[in-house]
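Values quoted throughout were computed directly from the atomic coordinates according to the rules given, and no laboratory measurement underlies them. All figures in this text were calculated on a predicted structure; none of them were measured in a lab. All Cβ positions, glycine included, derive from the backbone under ideal geometry; neighbour counts span all protein chains shown.
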Amino acid sequence: MKKTMILVSAALLSAGSAFGWAAWGPVYTDNQLPVPVWADETTDLPDCAGKTEYTGTSKRAYVTWNQVTNTKFAWTIGGWGGPFGGAGDNYNSIRFKEISDAGVLGVTVLNFYQGLRDCDIKIDVNQNWQCGPDLANWRQMDMESVILHEVGHQLGLDHSSNSNAVMWWAIGMGENQRSLHSDDIAGIRSLYPQ
Ligand SMILES: [Zn+2]
């Protein structure tokens with residue numbers, strides 16, 4: 001069964017020429033780069049062998065986006081375990097929390113206040129996660145793949161119409177997509193040209 005990775009925002013869509021990628025809102029300005037992100041390491045995830053496992057998986061997803069060449073965009077790790085409060089607190093964050101809709105794996109919310117203020121990722125705690133670094137089997141959801149997707153929203157990409165892209169809207173059990181597709185790479189390069 002395919003599950004959904006959704007985003008919530010007032011999206012401004014723009015088509016990406018021959019590619020399937022799209023933008024979904026404001027992009028970070030030059031003086032905001034590299035963009036800091038703060039990560040939750042306080043949640044007990046039953047599928048993971050301790051917090052170092054899922055924080056390591058989160059880091060790999062951010063690094064994968066950082067490894068794209070010919071773009072000025074870059075993430076930097078602000079800190080692990082906070083500080084953060086919630087929407088509009090000025091901290092971009094990734095947290096592991098309960099998402100009540102059983103079909104939703106992760107949600108990225110863009111909070112506006114006088115321009116782009118912060119963008120928060122929530123990853124559902126109640127999935128049969130493969131926390132990594134092992135690959136997900138047919139009974140598991142791959143956490144790194146889902147985080148890689150949500151981080152794409154966090155930096156400004158919407159869903160792609162290319163079903164092979166990381167930014168495709170859905171993923172199934174046992175699907176491991178931990179590398180960016182050329183469509184995803186075209187998207188970040190276009191949003192953040194060097
Ligand atoms: Zn999504």
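For the chain, a crude dipole built from +1 on the beta carbon of Lys and Arg and -1 on the beta carbon of Asp and Glu, taken about the Cα centre, is about 300 debye to the nearest 20.
So how much slack lies between residue 69 and residue 52, counting 0.36 nm per residue of separation and subtracting their Cα-Cα distance, in nm?
Contour length minus Cα-Cα distance gives 3.3 nm.
For the chain, the Cys residues with no second cysteine's beta carbon closer than 4.7 Å are 119.
Taking every alpha-carbon pair within the stretch 2-191, the share separated by more than 29 Å comes to 14 percent.
Qualifying chymotrypsin sites (Phe, Trp or Tyr not before Pro) in the stretch 133-194, where qualification requires a DSSP coil assignment and no more than 11 other C-beta atoms within 10 Å, comprise 138.
Roughly speaking, what is the stretch gain from residue 60 to residue 182, that is 0.36 nm per residue apart minus the C-alpha to C-alpha distance, in nm to one decimal?
42.1 nm
Extending 7 Å from the Cα toward the beta-carbon at both residue 139 and residue 31 defines two label points whose distance is 5.4 nm.
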